[in-house]
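*Asks:* Supplied in structure tokens, the structure appears directly below.
The values are calculated or read from the model by the stated rules, or taken from the named source; none is laboratory data. Only a predicted model underlies this, so the values are computations on that prediction, with no experimental measurement involved. Because the Cβ atoms are built from the backbone with ideal geometry, glycine has one as well, and the counts that use them run over all protein chains shown.
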Amino acid sequence: MKLAFFLALSLFSVTCFALDVPNGKVVLAVSGALSQQNSGKNAEFSMDMLTKLPQHSFVSKTPWYEKPVKFTGPLLRDVLAAAGAKGVQISALALDDYRVEIPFQDAIKYPIIIARLLDDKPMAVRDKGPLFIVYPFDQYKELHQDIYYTRSVWQLSKIIVQ
């Protein structure tokens, strides 16, 4: 019950302010079922805007790196809240047009990070950046399944909320 209250409060606190216009290059565009837009029907985020959201980190082993690495960035649920997103499904798209469907509930249930830093350094496109959706694999044993690995999108550029 406390978790549900905290999540509701955090979603309210992030969405009660208008979304700023990006002051730099847009690195993430969110569209679909949104109540906050800053560019037509979209919510666009620069890296600076993502940096101003609460930052979270975890260290995890993944199939993509030989050793555990540290991921840092805003929670997926905080980015969705900033855009006033409400839905049941999220489509995450990468720069190379890779597309995966993520249940909206995953963003509530797990502290999924939109990583902007890998071991405290910005990620270049050739290194899975600049943004990477990463599940906290080492914190939840049930996430050690291919379905969750495929939902981890590197080179993230767009999110569509349905």
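*Asks:* I'd like the residue in the stretch 112-139 that is of a type in the set (A, V, I, L, M) and touching a Lys or Arg at 6+ places or on another chain (Cβ under 9 Å) and, out of all such residues, is surrounded by the most Cβ atoms within 10 Å (Cβ to Cβ). Don't jump to the end; show me each part of the working.
*Replies:* Quick first cut of the stretch 112-139, residues of a type in the set (A, V, I, L, M) only: 112-115, 117-118, 123-125, 131, 133-134.
Then drop every residue that is not touching a Lys or Arg at 6+ places or on another chain (Cβ under 9 Å), which leaves 112, 115, 117-118, 123, 131, 133.
Numbers: I112: 24, A115: 26, L117: 19, L118: 20, M123: 20, L131: 28, I133: 25.
Going through the qualifying residues, I end up with L131.
*Asks:* Still on this structure, I have one more. Give just the number: which of (1) closer than 24 Å to Q139 by Cβ; (2) surrounded by fewer than 17 Cβ atoms within 10 Å (Cβ to Cβ); (3) not small (G, A, S) does L76 not satisfy?
*Replies:* All conditions pass for L76, except number (2).
*Asks:* While we're on this one: With respect to V59, is the statement that it is assigned to a strand (DSSP E or B), of a type in the set (V, I, T), closer than 25 Å to Y135 by Cβ and over 16 Å from the mean Cα position of the chain (by Cα) true?
*Replies:* When the stated conditions are applied, V59 passes them.
*Asks:* Tell me, which strands (runs of 3 or more DSSP E) lie completely within the stretch 78-162 with 3 or more residues that are modelled with pLDDT of 95 or more, over 20 Å from G32 (Cα atoms) and among the β-branched types (V, I, T)?
*Replies:* none
*Asks:* Inspect all residues belonging to the stretch 92-105 and state whether any of them is farther than 14 Å from A29 by Cα and in contact with a Gly (Cβ under 6 Å, 6 or more places away or on another chain).
*Replies:* The answer is yes; a qualifying residue exists.
*Asks:* Show the residue pairs meeting these rules: Cβ distance below 8 Å; 6+ apart or different chains; first residue within the stretch 116-130 and more than 14 Å from K70 (Cβ to Cβ); second residue modelled with pLDDT of 95 or more and β-branched (V, I, T).
*Replies:* P130/V27
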